[in-house]
Amino acid sequence: MSSGYYISIFVMIFLVACNGNEQATTTEEASGEELAKIFCASCHKFSEPALFTKSTWADKILPLMGPRLGIYSYKGIDYKYEKEDTFIKGWNVYPDEAMVSEAEWIRILEYYNQQAPINAPAPPEKQAITIGLKHFKTVIPPRLKAEAPMISLVKLDQLTSNLFVADGNQGILYIINPQNEVINTLQLGNIPIHLRFDAGVSTDQRGMWITPMGSMRPTNAQTGLLRYMYFNQKVDIYEPQYTIKKDLRRPVHSAFGDLNNDGKEDIVISEFGYLIGELNCYENLGGFDLKKHTLRKQPGAIMTYIYDFDGDGLKDVIALMSQGDEGIYIYYNQGNFEFKEEQILRFEASYGSSGFELADFNGDGYFDILYTNGDDGDGIRVLKYYHGVRIFLNDKTNHFQETFFYPLHGAYKAIAWDYDLDGDLDIASVSFFADYKNAPEEGFVYFENIGNMKFKPYTFNEVEIGRWMTFDKGDIDKDGDVDLILANFSIGPREEDQKFIKKWVNEGPDYLILENTIR
């Protein structure tokens, strides 16, 4: 129900059931279910009552939905909303006039109260997670600082084997050599969330693009940036920063690719935002001069990939969106920075989409989708039985069918790779909003591919030592297999996790290495 946008609704509307029969001719005649399908499903996939308990609907979800329909109070209780936020003016986040009458709002409330379960559904059965990884050794480096670990980014430089570790609280980027020694510290003054290396402009220089998001907390402020830094190998230092773009709304990912075949890399920036945000493509005009083209003027853009999906010689954009109409979209490149949008997967508005990547799981030469949903930072902080890791297979026409699902509370990121070198893709995953009380082993899960789209889950013995928000893969020790680096972001928003935070803060490392011992 937390859509970051608003779509106008006609007061007089016809509702048609699945069988085509007319249900009601006006909203005054509509039932609570019909009203919910009119007004909720106008912005996102219709949310079935069974997704949450009666109390969650009544106390958390519907009070968030009310202001989106112009209902700002009910029975003397004011609903909370961002009415004073100047950043959202002109975006039609909240209507000036109520879209539903009080009687219609009551019918919607009654519908969810009557149909929703009293208790949360039992989680689906799943294979138990085995404690102990068969071919990974845990390496716990020294702490970088005394303060609580709040690592927002880890990135391995494959050429130098240096590790880049970003402190999300102080805005510091540490450069660490393969011996886990800090060799450089860069003060960025913001929150680095994404980093991408490139080849630089000459043989003795390498550059990196840094995306600082501005704020970890929800905000509509334009405090995010895109920066570029040269690395001069002759003197082993980074040259001054260049701020390429500023005034971005909580950017969380940047993708690079030549979208108009002019030999220059263009940039797609996912401005996640909060109530407002955008998915924008920036045409590279040369010399860091960028021209903005908007792909989607909605919040919730998480990440993108640039790839020619239809084989026409022009690279397209595939994007994961949350914050309302959750789903995965392909933007087919029509040339001249015109794109045709197609939503290829649509998820529930409460799914909490958190990440995806492209990988060919069945070896047919077409990219499939590895997807995680487990973001629980939306104010509705309850365990959701539909959180987890999913694989959607491509039918070779860019239509996708779910073929694997493993329930995993708070699933946040997954990376597919042949970690055991047996010829098929395994999966490593982290959960930032795991069920720490009942199943702390969910914090990290390694899925060994045992064939026929079946996977066996494992974790490592020390998994409870940190709260893993993100991670990276790469061959740190140059022995021919791929290692994993996990980032500990020890502070979290859920009140029920507070007793675990003390352990993560006091005992947890900033990052942890799972060294692959297959070679």
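Could you do me a favour and compute the accessible area per residue for region 83-143, 1.4 Å probe, result in Å²?
Computed with neighbouring chains in place, this is 67 Å² per residue.
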Query raised in the report: Can you give the angle from 0 to 90° between the axis of helix 498-507 and the longest principal axis of the chain, with both taken from C-alpha atoms, to the nearest 10?
Result: 10
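What's the FRET efficiency of residue 285 with residue 515 using the Cβ-Cβ distance as r and R₀ = 25 Å, to the nearest 0.05? Write out the running numbers ahead of the final one.
On the way: r = 44 Å, r/R0 = 1.76.
Between residue 285 and residue 515 the formula returns 0.05.
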Report task. Starting from the Cα-Cα distance between residue 161 and residue 83, subtract it from 0.36 nm times their residue separation and give me the gain in nm to one decimal. Result -> 23.2 nm
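Under the Kirkwood approximation applied to all pairs of distinct alpha-carbon atoms, what is the hydrodynamic radius of region 350-476 in Å?
On the way: mean 1/r = 0.0671 Å⁻¹.
Final number for the Kirkwood radius of region 350-476 is 14.9 Å.
Per residue, how much accessible area does region 382-477 have with a 1.4 Å probe, in Å²? Could you put the intermediate results ahead of the total?
Values: 3280 Å² over 96 residues.
That works out to 34 Å² for each residue.
Where in region 379-424 are there trypsin sites (Lys or Arg not before Pro) that are in a DSSP coil and have at most 12 other Cβ atoms within 10 angstrom of their Cβ?
Details: sites: 381, 384, 390, 396, 413; in loops: 381, 384, 396.
Those that pass, being in a loop and sparsely packed, are 396.
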Query raised in the report: What's the Kirkwood radius of region 338-393 in Å, using all Cα pairs?
Result: 13.0
Report summary line: Taking only C-alpha positions in region 20-105, Rg and Dmax in angstrom work out to 14.0, 44
Query - Rh by Kirkwood over Cα pairs, then Stokes-Einstein D for region 230-382 at 1.567 mPa s and 4 °C, µm²/s - result: 77
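List the chymotrypsin sites (Phe, Trp or Tyr not before Pro) within region 230-325 that fall in a DSSP loop (any state other than H, G, I, E or B) and whose Cβ has at most 16 other Cβ atoms within 10 Å. Kindly include the intermediate steps, with their values, before the conclusion.
On the way: sites: 230, 231, 238, 242, 256, 272, 274, 282, 288, 305, 307, 309; in loops: 272, 274, 288, 309.
Qualifying residues, ordered by number: 288.
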Query raised in the report: Using helices alone, what [θ] at 222 nm do you get for the chain, with -39,500 (n - 2.57) per DSSP H run of 4 or more residues, divided over all residues and rounded to the nearest 500?
Result: -2000 deg cm²/dmol
Report summary line: One computes Rg over Rh for the chain from alpha-carbon atoms, with the Kirkwood Rh, and obtains 0.97
Query raised in the report: How long is the gain from residue 343 to residue 502 if the chain were fully straight, where each residue apart is worth 0.36 nm and the alpha carbon distance is subtracted?
Result: 53.0 nm
Query raised in the report: Within the accessible area of the chain, what % is carbon and sulfur when the probe is 1.4 Å and the other protein chains stay in place?
Result: 48
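Within 11 Å, Cβ to Cβ, of residue 392, how many net charges do the neighbouring residues add up to if Lys/Arg are +1 and Asp/Glu are -1?
Details: positive: 390; negative: 368, 395, 402.
Within the 11 Å Cβ shell, the charges total -2.
The values are calculated or read from the model by the stated rules, or taken from the named source; none is laboratory data. All figures in this text were calculated on a predicted structure; none of them were measured in a lab. Methodologically, a virtual Cβ is constructed for each residue, glycine included, from the backbone with ideal geometry; neighbour enumeration extends over all protein chains shown. Heads up: the accessible areas ignore ligands, DNA and RNA and are worked out on the full protein's heavy atoms, side chains in. Shrake-Rupley method; radii C 1.70, N 1.55, O 1.52, S 1.80 Å.
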